[in-house]
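To keep things clear, I will list the structure first and then write my remarks on it.
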Amino acid sequence: MTVEYTLFPLCEYAVTIRFSDRIDEAVNDIVHQTAARLQAERKEGIEEIAPAFSSLTVYYDPLVAGSYADVCAWLHENIGRSEQAVRRSVRTVVIPVCYGGEFGPDLPDVARFHGISEDEVVKLHSAGRYRVYMIGFSPGFAYLGGLSPRLATPRRAVPRTKVPAGSVGIAGGQTGVYPLATPGGWQLIGRTPLRLFDPHREEPSLLAAGDIVEFRPIGAREFARLERGT
Amino acid sequence: MIEVIDGGFFTTAQDGGRFGYRHAGVPVGGAMDRWAYRLANALVGNNGDEAVLEATMAGPTLRFHVEAVVAVCGGDFPCALNGRPFALWKPMAVEPGDVLEVGVCRTGFRAYIAVSGGIDVPPVMGSRSTYVPAQLGGFAGRPLRCGDALPLGAAHGRRVAEPLRWGLASAARRYISGKMKTVRAVPGPEYDEFTPESRRQFFAARYEVTPQSDRIGYRLSGPALALVREREMVSEAVVFGTVQVPASGQPIVLMADSQTSGGYPRIAQVAAVDLPILAQARPGDLIQFQPIRPEEAARLYTEQERQLAGWISAIRRQWEGER
């Protein structure tokens, strides 16, 4: 398999490798495989590798790794060499969610919007397997793909000034979890007691690009227990 | 320890930045004007990556409870030590009880107050920089307030023969000039998708820095920029200096606290060497972008790093002479 891509300098110390300009699972697989390969082959002066939907960006120190041309030469050597494909193990992360009630104030609206019961919304949402395309927008925020089209719901007309950390929401065809308490306009259907972002953990973001996410419905009692325990 | 008597308009602890977490969506942050930050640290005899205080527009008033060496670099903030004028861009020994007042900025916008030993707030994810939107790092993740007690690193108690009679030549601060800022920029990844008129305007017109500007980004105001054809963009990496254009057509320059990815078309990337100029721009200042080739921007960047290293080793030699 030969992989097609383009390289361009993002700035004096970063180069972006773009595989496509669409959101596509197969392309995103190539992004994560390439990121794993580059990580394994990392040479001196290559500082960070950050995957996105259909591209990835490599940050380097030009005083150590060399010029843009030097870094490109290194990238060309290491991209799309399927004969030595790096086996990437895909991690599944299960996120317990207490749906509805005070944790999911928009669950009734989402159910009404689709003409189904609240239970059906929960069933559909927790039946999905969601791909973490990338982490971005804010610390620990995962862009998830795989929301059932039957749950796609427009954002709230008036955003909330404060959405609590751990809130699980729907915005258009996307679903996601707020890692930090921030303003936001997503339809909130539940909340997880897990900390998606904790600066004091070795890996502060619970989710990593390339993970698979599943949501497991829990009750208020288990929520309280997990919140205390974690 | 340093006691904060008045926090000023927006004063935060900052170091060189929080690296290694872009994959987790964590902004790099750190000092907006890296030139002034690094020189201020060198002037007080620090290694170079210690945290300093970044003051914005109106500086803080600080009381020292220990002896230390302090230096203020950056915009032209009138400073006073115990009521007597205090020169910028030079080291000064302070004693317990001394009060440093950093006033309201006359030109430029930011000042870096470095103290020997560094501001010793606990590092979070390898950095002492404050990222206010997530209340991360720095002093309690927020700007300084009256009553805060700032710990200093162990090396603060440097004894020096007084007075210190040296400082940096004015060549080191020439970039902090008047209202009109010329900033070099490389055409961005989506530059060719803008209309010929927008591409011309971007480099011909002057864009005003609006009051909706902060450490995350500067919102500029000027001729609107339009794409030939609107399209749904897929989020990709952005960095300090990326100029993105949302649907309004008014460009936004992303600054030190920029998020790690964005979905707006990127018309340009400000040359890293000129970011200190931008960091010292204030609302109302006018930005004139000047096109530059990426190879040239890369060459200038390496050259500036060497120039800075030259200044820093000259400062180190001065310190050797003091011992």
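The values are calculated or read from the model by the stated rules, or taken from the named source; none is laboratory data. Model, not experiment: these values are computed from the prediction. Virtual Cβ from ideal backbone geometry, glycine too; neighbours counted across all protein chains shown.
Miscellaneous remarks
- Looking across A:156, A:150, one residue alone is in contact (Cβ under 8 Å) with a residue 40 or more places away in the chain, of a type in the set (Lys, Arg) and assigned by TED's automatic domain parsing to the domain that holds residue A:101. It is A:156.
- Residue that is facing another protein chain (nearest Cβ under 10 Å), farther than 22 Å from residue B:17 by Cα and modelled with pLDDT of 95 or more, where the choices are A:18, A:22: A:18
- Residues satisfying the criterion are absent from the stretch B:292-301 (criterion: at negative phi, in contact with a helix residue (DSSP H, G or I) (Cβ under 9 Å, 6 or more places away or on another chain) and more than 14 Å from every other protein chain (Cβ to nearest Cβ)).
- Residue match in the stretch B:230-249 (condition: closer than 20 Å to residue B:75 by Cα, in contact (Cβ under 8 Å) with a residue 12 or more places away in the chain, in contact with a strand residue (DSSP E or B) (Cβ under 9 Å, 6 or more places away or on another chain) and surrounded by fewer than 22 Cβ atoms within 10 Å (Cβ to Cβ)): no
- Residues in the stretch A:123-159 that are within 14 Å of another protein chain (Cβ to nearest Cβ), within 13 Å of residue A:174 (Cβ to Cβ) and not in a loop (DSSP other than H, G, I, E, B): A:132, A:133, A:134, A:142, A:143, A:144, A:145.
- Enumeration of residues in the stretch A:212-230 that are modelled with pLDDT under 95 and not in a helix (DSSP H, G or I): A:230
- Test: residue in the stretch B:279-288 that is within 13 Å of chain A (Cβ to nearest Cβ) and out of contact with any Asp or Glu (no Cβ under 9 Å at 6 or more places or on another chain): no
- Some residue of the stretch A:184-191 being within 14 Å of chain B (Cβ to nearest Cβ), more than 22 Å from residue B:235 (Cα to Cα), at pLDDT 90 or above and over 17 Å from the mean Cα position of the chain (by Cα): no
- The stretch B:25-61, residues that are closer than 15 Å to residue B:258 by Cβ and either among the β-branched types (Val, Ile, Thr) or surrounded by fewer than 24 Cβ atoms within 10 Å (Cβ to Cβ) (or both): B:26, B:28, B:34
- Only one of the numbered conditions (1) touching a Ser or Thr at 6+ places or on another chain (Cβ under 9 Å); (2) at negative phi is not met by residue A:146, and that is (2).
- Residue match in the stretch A:50-71 (condition: among the aliphatic types (A, V, I, L, M) and away from every other protein chain (no Cβ under 14 Å)): no
- Checked against (1) within 25 Å of residue A:28 (Cα to Cα); (2) in a loop (DSSP other than H, G, I, E, B), residue A:195 passes all but a single condition, namely (1).
- Any chance residue B:177 is more than 17 Å from residue B:53 (Cα to Cα), of a type in the set (Ser, Thr, Tyr) and away from chain A (no Cβ under 14 Å): yes
- Within the stretch B:302-323, restricting attention to residues that are in contact with a helix residue (DSSP H, G or I) (Cβ under 8 Å, 6 or more places away or on another chain) and among the aliphatic types (A, V, I, L, M), the residue that is surrounded by the most Cβ atoms within 10 Å (Cβ to Cβ) is B:315.
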